[in-house]
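Asks: To start, I am sharing the structure in question, which I have written as structure tokens.
The values are calculated or read from the model by the stated rules, or taken from the named source; none is laboratory data. Everything numeric in this text was worked out from a predicted model, so none of it was measured. Every residue, glycine among them, receives a Cβ derived from its backbone with ideal geometry; neighbour counts consider all protein chains shown. Calculation scope for accessible area: heavy atoms of the full protein, side chains included, ligands and nucleic acids excluded. Shrake-Rupley method; radii C 1.70, N 1.55, O 1.52, S 1.80 Å.
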Amino acid sequence: MLRPLFLLLSLLAALSLPAQVQQETTWEELLEEWFVQEGGNMDEGETGEGSLEALSDMLADMAATPLDLNKATREELEQLPFLTDKQVEDIMAYVDRYGPVRSMGEVAMIPSIDARQRQLLSCFVTVSDDGTQQHMPRLADILRHGRQELTATLRTPLYRRQGDKNGYLGYPYRHWLRYDFSYGGRVRAGLVASQDAGEPFFGQYNRMGYDNYSPYIIVKGLGCVKALAAGRYRLHLGMGLVLNNDFTLGKQGALQSMRQAGNTIRPHSSRSIGNYMQGVAATVNITPQLAVTAFVSYRPIDATLADGSTITTILTSGYHRTQSEIDRKHNATQTAAGGRIGYTTNSWHIGATAVTMVYNKELLPDTRQPYRRYYPAGQRFTNAAADYGLRTRRLTINGETATDGSALATVNMATMNLTGSIDLTAIQRYYSYRYQAPLANAFRSGSRTQNESGVYVGGRWRLSRLLTITAYGDIAYHPWARYLVSQASYDHDYFLAAQWQKAALAVTMSGRLLQRQRDNDDKTLLINRNTGRLRLAVSHTTDRLTLNTQGDVTLAEHGTRSIGYMILQKATWKMQRLTAHAMAALFHTNDYDSRVYAYERGLRYEMNFPAFFGHGLRTALLIQLKAWKNTTLAVKAANTHYFDRTTIGTALQRIDSRNQTDIDMQARIVF
């Protein structure tokens, strides 16, 4: 199946012009590197697919409209996930003391930012000739000089699912369109239209064409209006105990990305329909220190109804392929309003957040299972919180405490730079099992911001210019029942990684031990379910070629012992107009408990981080060609072949074959 694409790659390589230019690191390589360093931290309660897609979209948008390093605010720099608090502080202090940065090479004068981070930073920032602030341009100038991007993507499966034969109401192709207009970092507007495989398109059950439309617009720096968004958008207020539908990172990401959140408003430019606001939101600076954020949102939601009058389950998958899924489409609504007021100085901040959210039908989850007894229930939910923080040269403290009127939740974090090479982070959280906040999304070990208290301690130690050690330990206590746990239980999570890099060679070793308590078969006592993951990754980069070799081992002990391994090889080949990414991964696991994970390079605005179990081989080839000055074409072929089965999947997703092959095609025009 992949042979024709390899032949195409060879032909294009022969036709391409020779180039001896230094290749720059892309933000996609940053994302891939971060996942390799994560060491497989993709289990229950950690970074979810929605967060990964939101993170991918944010990085793509920031790369397309980079920040001006001489004019960027602290809040804007803190959005870059690879910068620590101290590095942000050092950048701000350097610009304030020495004036505007003249080139990215000058960033080498900031000791806390190493060569690798300077390379990554260049993907997302530029430098201007001076540090003067620009006023909002005229509308005519915005329309004339704005950047426009049109992206079209199609996935064609080379197989048939059971649902394609009988069950799904649409054809088996997935496709989406995205139009985005931007003017620097001041204006963004666009529309995303998406269609999942199996959903009807301009048919009896969907006369609007695409199943999902996501319009958005955001304007920044409009006088005292810091940000104004309309359409679909994402919000992150405080530290997420009341409202956060933006991306969140895992526990290792917390070592450098769990900062003061403050007010963050982003356009919802992804295809996800499960986590966004729809309406209007704005942040207004009353004074340079005092800012107010307010929002109003009204949106339909998918839900399972009981007797047509109460909501038992809110659905976030976004699938509308069968008659039952279509019957649950937009059969309830969610209205939310609220905001945050915050006062920020160079050394401290305080803020207060309040949000009210109402469903048009009463939410009554099935509480016959004990773990659902304290799930959010009712029609109206009101939450309020106070957030606070202190920043000194070496110490940063942030926290938030929230209430729903009857129960409390709190999260507090401290980051300390002990020396120039050692950073420590500690996070304490307490979320009452009675605390109900449907829009909350804060740091946690479980899957909900509820029923958890714990302590997390982590650190990063740069032993030398070449070697960095990262480690954390996290202990969480859950006082009420959870899924598969009928009584109070503990989670233990420990992680250790070492990264060595010299010039073009980088080596990463990581290990993780995760211990969760679960019911035994008779539900009479708790047993420990232990999962250990080891990873060794080696990469070598030249001007044109990057090679990545990775080995993973998973050992799971859940009553019985199972083991899994994966050997993965990636290669990236760059030329003037053509880039090719190839991957092959051989995996063998005893069962799902010992599954392995692999980050796979995808098309622009596509995120793929699959889990593999059983015995099989995953291969993928992605070719990106800059066909014309403003046009990029891409094609990806990916195949999973199983040696231990003759069918893949179950129910309507079942494929009667050992192979699952998809062809993705994308055209992207920037003008």
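Asks: How far is it, in nm, from the label point at Gln576 to the one at Tyr494 when both lie 7 Å from their Cα along the line to the Cβ?
Replies: 5.6 nm
Asks: With r defined as the distance between the Cβ atoms of Met104 and Asn520 and R0 fixed at 35 Å, what FRET efficiency is calculated, to the nearest 0.05?
Replies: 0.05
Asks: Take Ser445, Ser453 and sort them by solvent-accessible surface of the protein heavy atoms, 1.4 Å probe, largest at the top.
Replies: Ser453, Ser445
Asks: Name the aspartates and glutamates eligible as straight-distance cross-link partners of Lys626: C-alpha to C-alpha under 20 Å, and not fewer than 8 places from it in the same chain.
Replies: Straight-line reach from Lys626, under 20 Å: Glu24, Glu28, Glu29, Asp61, Glu149, Asp180, Asp543, Glu606, Asp664.
Asks: I would also like to ask the following. Under 5 Å between amide hydrogens, which residues at least 5 positions from Gln379 or on another chain qualify, with H placed 1.01 Å from N in the peptide plane?
Replies: Under 5 Å from the amide H of Gln379 lie the amide H atoms of Leu363, each far enough along the sequence or on another chain.
Asks: Run the accessible area of the chain with a 1.4 Å probe and give the carbon-and-sulfur part as a rounded percent.
Replies: Roughly 58 percent of what the probe reaches on the chain is carbon or sulfur.
Asks: With every protein chain left in place and a probe of 1.4 Å, what is the accessible surface of Phe643, to the nearest 10 Å²?
Replies: 90 Å²
Asks: Could you give the nm distance between label points at Leu617 and Leu633, where each point is 7 Å from its Cα heading toward the beta carbon?
Replies: Distance between the two pseudo-spin positions: 2.9 nm.
Asks: As a quick test, which of the pairs Lys570/Lys629; Lys226/Lys329; Lys220/Lys570; Lys251/Lys629; Lys226/Lys570 have an alpha carbon distance above 31 angstrom in this structure? Before the final figure, lay out the partial values.
Replies: On the way: Lys570/Lys629 28 Å; Lys226/Lys329 35 Å; Lys220/Lys570 40 Å; Lys251/Lys629 41 Å; Lys226/Lys570 43 Å.
Pairs exceeding the cut-off: Lys226/Lys329; Lys220/Lys570; Lys251/Lys629; Lys226/Lys570.
Asks: Apply the Kirkwood formula to the range 512-671: the hydrodynamic radius equals the inverse of the mean of 1/r over all pairs of different alpha-carbon atoms; give it in Å with one decimal.
Replies: For the range 512-671, the Kirkwood estimate is 18.0 Å.
Asks: Right, next: Can you run phi through the Karplus equation (6.51, -1.76, 1.60; θ = phi - 60°) for the range 555-572 and list ³J(HN,Hα) in whole Hz, with x for Gly and Pro?
Replies: Going residue by residue, I get 10, 10, 10, 10, x, 10, 9, 9, 9, x, 9, 8, 10, 10, 10, 10, 9, 10 Hz, with x marking Gly and Pro.
Asks: Rank-order 326-337, 167-178, 520-531 by packing density, defined as the average count of other C-beta atoms within 10 Å over each peptide's residues, highest first.
Replies: Highest to lowest by the protection proxy: 167-178, 326-337, 520-531.
Asks: OK, next. Tell me the label only: which of (i) 84, 65, 56; (ii) 68, 67, 54; (iii) 121, 70, 54 is Cα extents along the principal axes in Å as calculated from this structure?
Replies: Only one option fits the structure, namely (ii).
Asks: As an exercise, use a Förster radius of 56 Å and the Cβ-Cβ distance of Leu143 and Asn360 to find the FRET efficiency, rounded to the nearest 0.05.
Replies: Once the sixth-power term is evaluated, E becomes 0.90.
Asks: So with the 1.4 Å probe, I'd like the accessible area per residue for the chain, rounded to whole Å².
Replies: Roughly 44 Å² per residue, with all protein chains present.
Asks: Quick one: if you stick a label point 7 Å off each Cα along the C-beta vector at Ile341 and Phe643, how many nm between them?
Replies: In this crude spin-label approximation the distance works out to 6.6 nm.
Asks: Something else now. Please report the accessible area of Met208 (heavy atoms, 1.4 Å probe, ligands and nucleic acids excluded) in Å², nearest 10.
Replies: Per-residue accessible area (Met208): approximately 140 Å².
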